[in-house]
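Step one of this worksheet: look at the structure below.
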Amino acid sequence: MSCFEEVETENLDACLNGEIQAGLSEVGLYYAKHEDVLAFPMPKKIGEVGYNYEEAVTVATAITFNAGKGWGKIIFQPDTGEGTVDLVGNKGNKKTKNAVTFFVAGNSKKLLGYFLTMKNIPSLYLYTERDGQKRVVGDKFNPAYMSEVKATTGKGGEDEKGVTITIESYAIPIVYEGTLQFPVETP
């Protein structure tokens, strides 16, 4: 018996006249520490009831966090965010590498301290595409990490001053449809 026996072929339809917005929406980039997650539901796997191409990457139930924990928000510069998914590895042993890159303007103490502190902490990142679809970098078993950070002061008046950050995880590209849990802020 083949391990692909239960896989059904599906049509991949597209509306060629539709508006397909590229890039990330600057209104929704979030991060959390992986250890703060209480429950991380995972998409269906081949052979599970209800499996199809969409269910292979969809999480509709909320990712929940320990009490007082949740997603933190990052404000990044418009038109600088990009989500990518790559297939890596050898034939017969391919895996997915999921990443997000974004630019945060400025070199504030908080921003510099953020990447100094978070550089090796297992994390999750959630971004919103311009069509409203939310994607998670990292999953229940494969946290996300900073793979590249480059801070610059710029050289002249028209240069960018800020930090470009790339986050990567060897995890499936999760489309997230659950709600977002935020920490309780104390005044």
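If you filter segment 52-89 down to residues that are closer than 30 Å to Ser108 by Cα and of a type in the set (D, E, K, R), you find that the one that is nearest to the chain's Cα centre (by Cα) is Glu82. Based on what the data block shows, is Gly138 more than 14 Å from the chain's Cα centre (by Cα) and either of a type in the set (A, V, I, L, M) or open to solvent by less than 80 Å² (accessible area, probe 1.4 Å) (or both)? Judged against the criteria, Gly138 is not a match. Of the residues in segment 36-53, how many are touching a residue at least 12 places away in the same chain (Cβ under 8 Å) and in a loop (DSSP other than H, G, I, E, B)? Going through segment 36-53 one residue at a time, the tally reaches 10. In segment 117-134, the residues that are under 9 Å from Tyr176 (Cα atoms) reach residues that are charged (D, E, K, R) and open to solvent by 60 Å² or more (accessible area, probe 1.4 Å) with C-beta atoms within less than 8 angstrom, at least six apart or across chains, in these pairs: Lys134/Glu177.
Can you find a residue that is crowded, with 16+ Cβ neighbours inside 10 Å and of a type in the set (Lys, Arg) anywhere in segment 45-60? Within segment 45-60, not a single residue is crowded, with 16+ Cβ neighbours inside 10 Å and of a type in the set (Lys, Arg).
Filtered by the rule that a residue be closer than 18 Å to Asp159 by Cβ and of a type in the set (D, E, K, R), segment 79-115 gives a lone residue, Asp79.
Close Cβ contacts (under 6 Å, 6 or more residues apart or on different chains) running from residues in segment 136-164 that are closer than 28 Å to Val57 by Cβ to residues that are of a type in the set (Phe, Trp, Tyr) and open to solvent by 30 Å² or more (accessible area, probe 1.4 Å) comprise Asn142/Tyr170; Val149/Phe115. Residues considered: Thr101, Thr80. Of these, the only one that is farther than 24 Å from Ile172 by Cβ and hydroxyl-bearing (Ser, Thr, Tyr) is Thr80.
Hey, any hits in segment 1-12 for a residue that's closer than 30 Å to Met146 by Cα and surrounded by fewer than 16 Cβ atoms within 10 Å (Cβ to Cβ)? Checked segment 1-12: no residue is closer than 30 Å to Met146 by Cα and surrounded by fewer than 16 Cβ atoms within 10 Å (Cβ to Cβ). Selection of strands (runs of 3 or more DSSP E) fully inside segment 84-187 by the criterion of at least 3 residues being β-branched (Val, Ile, Thr) and closer than 28 Å to Ile20 by Cβ returns 95-105, 162-169.
The values are calculated or read from the model by the stated rules, or taken from the named source; none is laboratory data. Nothing here was measured: the structure is a model prediction, and the numbers come from that model. Using ideal geometry, Cβ is built from the backbone for each residue, glycine included, and neighbour counts are taken over all protein chains shown. Ligands, DNA and RNA are excluded from the accessible area calculation, which covers all protein heavy atoms including side chains. Shrake-Rupley method; radii C 1.70, N 1.55, O 1.52, S 1.80 Å.
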